[in-house]
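Student: Pasting in a structure now, in structure tokens, and then I'll have a few things to ask.
The values are calculated or read from the model by the stated rules, or taken from the named source; none is laboratory data. Fair warning: this is a prediction, and the values are worked out from it, not measured in the lab. A quick note on method: Cβ atoms are made from the backbone with ideal geometry, for glycine too, and the neighbour counts reach across all protein chains shown.
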Amino acid sequence: MSVSLSLAGRTALITGAATGIGRAIAILFAQAGARVVVNHLNRPQEASMVVKIIKTAGGQAFAISADVSDGTAVQRLVGEVLHTVGDLHILVNNAGIIQEKPFLDTSEDDWDRMLGVDLKSVFLMSRAVLPGMVASGSGVIVNLASDLGILGRENCAPYCAAKAGVIGLTKSLAREFAPHGIRVNAIAPGPVNTAMVSLEHMGPEWMEKELAIPQHRVAEPEEIAATALFLASDLSRFYCGQVLGPNGGSTMP
């Protein structure tokens with residue numbers, strides 16, 4: 001049996017791929033040989049830069065803007081991908097947002113927006129791509145959760161609930177679609193050096209907690225991308241419904 005990290009001959013759709021972890025995943029997947037679809041929402045310049053980086057290195061990529069929390073937009077996105085490239089082999093549900101706010105100050109709109117982007121999008125995207133994967137008898141879905149979906153965090157109820165939901169949804173889909181040759185797994189990162197982990201989105205006390213993990217640092221996006229590449233590749237063929245934690249020791253199951 002020969003397996004490798006190569007994604008040659010495969011098409012990967014990565015949501016929220018214009019910046020942060022998604023950007024790193026897109027670039028790494030292209031380096032591994034995949035044709036990459038860079039999904040973004042109203043970030044044309046950043047998405048174009050990711051595509052340029054990939055193409056300059058000899059890879060294949062194109063960008064599509066779509067709100068993955070909207071069912072109609074998701075159907076258009078997946079339809080455009082399939083029309084352009086024919087088959088979709090890998091889906092990475094990476095798009096996400098975060099907000100620090102006391103629970104009693106959290107509005108219904110806050111809740112709906114967070115759950116829409118961080119959890120509903122995973123449902124919508126998976127529902128859109130799974131029929132094709134079932135028809136082909138193969139496919140990979142990698143969902144980005146968070147260590148906070150396991151640990152919880154004060155002043156972060158919608159985000160923690162959404163990411164816990166991603167973990168539960170991952171396990172459910174893994175059980176349902178493994179018999180069809182489809183692998184569904186999740187990544188629950190700890191703090192990562194992206195715009196989301198900044199004082200713009202969280203207070204100094206939160207930052208102190210992030211840095212209090214055993215390794216006393218935040219991860220770089222490329223470190224999370226490496227886990228995504230492993231789960232997308234043939235090296236993880238016996239992984240089913242697993243939640244991998246590149247988190248510097250924030251959780252130790």
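Student: Can you confirm whether segment 14-24 contains a residue that is over 30 Å from E205 (Cβ atoms), of a type outside the set (S, T, N, Q) and out of contact with any Cys (no Cβ under 9 Å at 6 or more places or on another chain)?
Tutor: Yes, some residue in segment 14-24 is over 30 Å from E205 (Cβ atoms), of a type outside the set (S, T, N, Q) and out of contact with any Cys (no Cβ under 9 Å at 6 or more places or on another chain).
Student: Are any residues in segment 45-61 surrounded by fewer than 21 Cβ atoms within 10 Å (Cβ to Cβ) and within 18 Å of the chain's Cα centre (by Cα), and if so, which ones?
Tutor: E46
Student: Just to verify a result, which residue in segment 1-32, among those that are under 11 Å from the mean Cα position of the chain (by Cα) and of a type in the set (V, I, T), is surrounded by the most Cβ atoms within 10 Å (Cβ to Cβ)?
Tutor: In this case the residue turns out to be I14.
Student: Which number in (1) surrounded by 16 or more Cβ atoms within 10 Å (Cβ to Cβ); (2) on the phi > 0 side of the Ramachandran plot; (3) more than 17 Å from the chain's Cα centre (by Cα) marks the one condition that N42 misses?
Tutor: Condition (1) is where N42 drops out.
Student: Right, here's the next one. Filtering segment 211-222 down to residues that are surrounded by 17 or more Cβ atoms within 10 Å (Cβ to Cβ) and under 20 Å from the mean Cα position of the chain (by Cα), which residue is modelled with the lowest pLDDT?
Tutor: Across segment 211-222, the extreme among qualifying residues is V218.
For every residue, the table says whether it meets (1) hydrophobic (A, V, I, L, M, F, W, C); (2) assigned to a loop (DSSP other than H, G, I, E, B).
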position: V51; (1), (2): yes, no
position: V68; (1), (2): yes, yes
position: Q75; (1), (2): no, no
position: K101; (1), (2): no, yes
position: N143; (1), (2): no, no
position: I150; (1), (2): yes, no
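Student: Considering only segment 159-172, state which residues are in contact with a strand residue (DSSP E or B) (Cβ under 7 Å, 6 or more places away or on another chain) and either crowded, with 24+ Cβ neighbours inside 10 Å or among the polar types (S, T, N, Q) (or both).
Tutor: V166, T170, listed by residue number.
Student: Considering only residues that are more than 14 Å from D67 (Cβ to Cβ), hydrophobic (A, V, I, L, M, F, W, C) and out of contact with any Ser or Thr (no Cβ under 9 Å at 6 or more places or on another chain), look in segment 83-113 and name the one that is surrounded by the fewest Cβ atoms within 10 Å (Cβ to Cβ).
Tutor: L104
Student: Here is a follow-up. Does any residue in segment 175-186 that is touching a residue at least 60 places away in the same chain (Cβ under 8 Å) come within less than 9 Å, Cβ to Cβ, of a residue that is surrounded by 13 or more Cβ atoms within 10 Å (Cβ to Cβ) and in a strand (DSSP E or B) six or more places away or on a different chain, and which pairs are these?
Tutor: Matching pairs, first to second residue: R175/V184; A178/V184.
Student: Next question, about the same structure. Would you call T84 under 24 Å from A8 (Cβ atoms), assigned to a helix (DSSP H, G or I) and among the polar types (S, T, N, Q)?
Tutor: For T84, the condition - under 24 Å from A8 (Cβ atoms), assigned to a helix (DSSP H, G or I) and among the polar types (S, T, N, Q) - is met.
Student: Tell me, which residue of segment 68-106 that is among the acidic types (D, E) and in contact (Cβ under 8 Å) with a residue 60 or more places away in the chain is nearest to S126 (Cα to Cα)?
Tutor: My answer is D87.
Student: Could I ask something else about it? Just to be sure, is G116 closer than 30 Å to R10 by Cβ and either out of contact with any Ser or Thr (no Cβ under 7 Å at 6 or more places or on another chain) or of a type in the set (D, E) (or both)?
Tutor: no
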